[in-house]
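The values are calculated or read from the model by the stated rules, or taken from the named source; none is laboratory data. Keep in mind that what you see is a predicted model, and the values were worked out from it rather than measured. All Cβ positions, glycine included, derive from the backbone under ideal geometry; neighbour counts span all protein chains shown. Keep in mind that these areas ignore ligands, DNA and RNA; they rest on the heavy atoms of the full protein, side chains included. Shrake-Rupley method; radii C 1.70, N 1.55, O 1.52, S 1.80 Å.
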Amino acid sequence: QVQLAESGGGSAQTGGSLRLSCAVSAASNIPVCMAWFRQAPGKEREKVARIIPGSATNYYADSVKGRFFISYKNDRKTLYLQMNRLTPEDSGMYYCAAARGPLCHATFQPDDYWGQGTQVTVSS
C-alpha cells in the first residue's frame, strides 16, 4: 500500500511563495503519474498540476500556469509543487495523488492513492 504525506502548507501574503512536498512511502515503486489537487470552501476540487516522471510535458490548470511548477525527485521519492506569486484565490486544501495502476488516466479515482492534505492560506 502506497502512503502519501503532504507538507509545506501554511500562510503567505499576496505575491509570496510556498513549496509543497508529498513524500511517497519508501517501499513503493515510482508512480507512473502524480498530481496536485486543491479545494476551497464552497468550490469543487480542482486539478492544479500533473506530472509523469521521466516526461518533459506537464499539465497545469490555466489559473496557475506560469506561476506553479510541479517536479518529482526520484532519489527522495518526493513530489513538489513550487507556488509563486500567490493570490488569495490560491487558498485551499491541497492534496497529493498518485496513480494506483500502470496507466496514467486523465482523471484520478477514489481508488487511487491520496494524501491527507495540507492547508494553504493566502492573505492580502
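Computed values, structure above
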{"item": "Percentage relative contact order, the chain, counting C-alpha pairs under 8 Å, at least six apart", "result": "36"}
{"item": "Extension gain, THR121 back to ILE30 (0.36 nm per residue minus Cα-Cα distance, nm)", "result": "29.8 nm"}
{"item": "From phi via Karplus (6.51, -1.76, 1.60), per-residue ³J(HN,Hα) for region 49-55 in Hz, x at Gly/Pro", "result": "7, 9, 9, 10, x, x, 9"}
{"item": "Alpha carbon convex hull of region 48-124, volume per residue in cubic angstrom", "result": "114"}
{"item": "Per residue, in Å², the accessible surface of the chain once ligands and nucleic acids are set aside, probe 1.4 Å", "result": "54"}
{"item": "Table column - 3J(HN,Hα) (Hz), region 85-95, Karplus curve with 6.51, -1.76, 1.60, x for Gly and Pro", "result": "6, 5, 10, x, 5, 7, 5, x, 8, 9, 10"}
{"item": "Region 1-53 - percent of accessible surface contributed by carbon and sulfur, probe 1.4 Å", "result": "47"}
{"item": "Mean projection area, nm², convex hull over Cα of region 1-97", "result": "6.4"}
{"item": "Given charges at beta-carbon only (K, R positive; D, E negative), |dipole| of the chain in Debye", "result": "240"}
{"item": "Length-normalised contact order of region 78-124 in % [C-alpha pairs under 8 Å, at least 6 apart]", "result": "50"}
{"item": "Stretch gain in nm, segment SER71-ASN58, where the contour uses 0.36 nm per residue and the Cα spacing is subtracted", "result": "3.8 nm"}
{"item": "Region 1-48: Cα Rg divided by the 2.2 N^0.38 Å rule of thumb", "result": "1.42"}
{"item": "GLN3 paired with ALA106, simple spin-label distance in nm, labels 7 Å along Cα-to-beta-carbon", "result": "3.5"}
{"item": "Value of Rg to Rh for region 33-82 (Rh from inverse mean 1/r over Cα pairs, i.e. Kirkwood)", "result": "1.00"}
